[in-house]
Amino acid sequence: MRVVVPILLVVVWFAAAGIGGPYFGKIEEVSSNSPAMFLPEGAESTVVRDKLAAYVDDTRLPTLVVFESDDALTDEQLAAIRQTRQHIGESEIVSGTVSPPVVSDDGKAAFLGVPIASSSELEEVVPELQAIVDEQSGELESNLTGPAVFMRDIQNAFAGIDGTLLIVALSVVFVILLVVYRSPILPVLTLLGAMSALSAAVLAVYTMADADVFTLNGQVRGILFILVIGAATDYSLLYIARYREELVHYKSTWQATCKAWKASIEPILAAGGTVILGLLCLLASELKSNQTLGPVGSIGIVFSMIVALTFLPSALLLFGRSAFWPRPPKYRPRVKQNDYRIVHPAWSKVADFVRRYPRRIWIGITVLLLVACVGVGQFRAEGVSQNDLILGQSDARDGQAALDRHFAGGAGSPANVLVPVDEQSDVIDILRADEGVSTVTAIGESMPQVPVGPDAEQMRDQAEARIAALPVFAREQARAKFAAQQATLEPKAVDGMVALSATLTDDASGTAAIQTIKRLRGEMQPDHPAVQIGGVSAIQLDANDAAARDLVVLIPLILCAIAIVLMLLLRSIVAPLVLMLTTIVSFGSTIGIAALLFNNLWGYPGAEPAIVLFGFVFLVALGIDYNIFLMTRVREETFKLGVREGTLKALVVTGGVITSAGIVLAATFAALYVLPVLFLAQMAFIVSFGVLLDTLIVRSLLVPALTLEIGRPMWWPSRLTRSKKGK
């Protein structure tokens, strides 16, 4: 049985990898990157989006083809634009009618509105549209922008998740493990376990997403891949370190395995359970993208823990001491438990440093961390324009820049305003009076845009003037014809509501446009409470509001949940509170330093509001992991040696493995940099830097120094407080 069971476990995991592997390519099929998909059901923009289906075909994605010239467009260039419109309309990529050219006030630019079916393969349709435009427009400069092009850019940005991201992450981890273990076998076994866990997680996530249990997006997929590789490797490192330690004391690899497994199961389950608990708190979020990360990340952590406690011990048992080739640990019965300093000379020096200056260490580090926290107020997380979400080349951003040079920034992505029929006149006046609104139209019975308010009155006055200039005998016929046309220009009413389209002066997904929507909602509320505003800007505003609410609700919830777990694990109240405080200060320092670098060195335009919450979840949950690894060993050794010697021994024997685990996790999250997405690049830095800060400074120096300074009260109210050895 000592051989059969390990073989069966290894075979089961390889089978799981074989079954789940093909789903790496399929998981994109159950993903969506539309921002509107993740808003809460009750959000105003969500309600408007759903109601708009009764006014227009919501299965289309608008695309703008922007033409511009250094001088006013000539008749030949305008003719080329009209010819381009005709060719686009004749192609199979269009779902509806291409709008006539809209010429800018300066006469130097024009754009066409091209409706594309939302079910289209955008990575094929958008280049095909660009090819038609390039062929027909000749020397005229042209760009594409709009939701369809932005979604294509997002798809291209996430295209590297299944390939590039995994290759980079696995390569970096392999090199680090090779340096740590100086063995080619251990890194391979560790990464085989990590990939098996990831394959099983991908299969489970795909199955649940396909059953509409949750809505998956590219960001969550990327985080899942990195989280599983990092966590599975971390938990494996913890087990390998304990197994290697026991091989010195036990000649039988089976006995060493049993001892190492029993010693590792509690910290691994506690560490993983803490992360899972923190992630599941995200289910209380209002944003569906955050809600999705909770179960998806938890699934990944569950498989990471299982693989570290089943596959890896089985594989190491089958390989025996040769798994550590070319430097296998030798059985040395004369080496006693208190000879650990001989085995770990470098960390013995760190422990001696902490022993001599505990008060100076914790005061000095605390002051430095608090100074770094000053930068928290400079961290800008109010959201960024959609066009800034992509790093590097972005067709949508280039097209939006061309549009901004000649038109109102919100052209092509108007705010949708649902208004009671009898209130539309007053609401139109409010919209037109706002400095953030450029033009106001309505969705008509047979036309996507019809003039309203003063524009409609001006059109009627001009028509009446032209009719009055006609001979008397022709006037009645002209009036009848105009009346028939006028009927098609009336706003479409559904359930007593009309849908207005307000083109904003600023980029629809930018901060200024979001403030315009916020201002308009405030102006409508007192006298027109039935008015509802949606569209791209409103979606951004509602997402930002939901994210701000999540910070207030979820951060205390996560802290309380993790504190309870630590109290149960460590049988103490003081120690968990100390650990939580150090982790919070470490997180604040990370955000402060991130603000300094994002604003002044890298010039980022800002950050998504959710970045703070995601960073908090991972840094607090994962940072607590390393403290759990340390403090469970401190508690174990304190029973034997007392607080002082127990703390120092735990620091020495866990220092190498925890530091290695931190470096591995930081490296895996840093791999997110290969995806040209602003959110993931910022997440990569925050988590990578925060983990290193927590591992190298907080866990290695601050926590041990505080433990020595506090002494026996650190373990109150457990019986360790009363131990005579606790001095």
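Laboratory data are not the source of any read-out in this text; all were calculated from the coordinates shown. None of these values were measured; they are calculated from a predicted model. Heads up, the Cβs are rebuilt from the backbone with ideal geometry, glycines too, and the neighbour counts pull from every protein chain shown.
Please compare each pair in 26/518; 259/649; 330/640; 330/649; 26/288 to a cut-off of 28 Å on the Cα-Cα distance and tell me which ones are over it. Show your work: numbers first, answer last.
Values: 26/518 40 Å; 259/649 19 Å; 330/640 25 Å; 330/649 22 Å; 26/288 21 Å.
Distance filter (> 28 Å) returns 26/518.
So how do 302-313, 275-286, 555-566, 260-271 stack up, highest first, on mean other-Cβ count within 10 Å?
Descending packing order for the listed peptides: 302-313, 275-286, 260-271, 555-566.
When you count the other C-beta atoms within 10 angstrom of each residue and take the mean per peptide, 180-193, 579-592 line up highest first as 579-592, 180-193.
Fewest first, what order do 498, 56 take by the number of other Cβ atoms within 10 Å?
Working: 498 23, 56 16.
Neighbour counts put them in this order, fewest first: 56, 498.
On the principal axes of its alpha-carbon atoms, the stretch 224-263 has extents of 39, 14, 13 Å, going from largest to smallest. Give me the Debye-computed log₁₀ of I(q)/I(0) at q = 0.25 Å⁻¹ for the stretch 61-156, equal point scatterers on Cα only, no solvent, two decimals. Log10 of I(q)/I(0), two decimals: -1.33. Shown for the stretch 644-714 is the translational diffusion coefficient from the Stokes-Einstein equation, using the Kirkwood radius over Cα pairs, a temperature of 37 °C and a viscosity of 0.692 mPa s: 244 µm²/s.
Rounded to the nearest 20 Debye, what is the dipole magnitude of the chain about its Cα centre when Lys and Arg each give +1 and Asp and Glu each give -1 at the C-beta? Write down the numbers at each step before the final one.
Working: 56 positive and 68 negative charges, 1574 e Å.
Dipole about the Cα centre, nearest 20: 7560 debye.
For an R0 of 25 angstrom, estimate the FRET efficiency from the Cβ-Cβ distance between residue 106 and residue 128 and round to the nearest 0.05. Before the final figure, lay out each step's value.
Numbers: r = 30 Å, r/R0 = 1.22.
The formula returns an efficiency of 0.25 here.
From largest to smallest, the equivalent ellipsoid semi-axes obtained for the stretch 231-348 from the alpha-carbon gyration tensor read 35, 15, 11 Å.
As a check on your grasp of the helix formula, calculate [θ] at 222 nm for the chain: sum -39500 (n - 2.57) over DSSP H runs of n ≥ 4, divide by the residue count, round to the nearest 500.
Numbers: 26 runs with 449 residues, N = 727.
It lands at -21000 deg cm²/dmol.
For the chain, what proportion of DSSP beta bridges, expressed in % and rounded to the nearest 5, is antiparallel?
Working: 37 of 38 bridges.
The answer is about 95 percent antiparallel.
Membrane-span-like helices in the chain (whole DSSP H runs, Cα extent of at least 15 Å along the helix axis, mean Kyte-Doolittle hydropathy of at least 0.5): 4-20, 166-181, 185-210, 218-249, 253-280, 288-309, 358-373, 536-570, 574-596, 610-641, 643-670, 678-693. Here the average projected area of the convex hull drawn through the C-alpha atoms of the stretch 625-676 stands at 3.6 nm². A simple packing score, the average count of other Cβ atoms within 10 Å per residue, orders the peptides 167-178, 17-28, 147-158 as 147-158, 167-178, 17-28, with the highest score first. Within the stretch 1-132, the proportion of Cα pairs with more than 27 Å between them is 50 percent.
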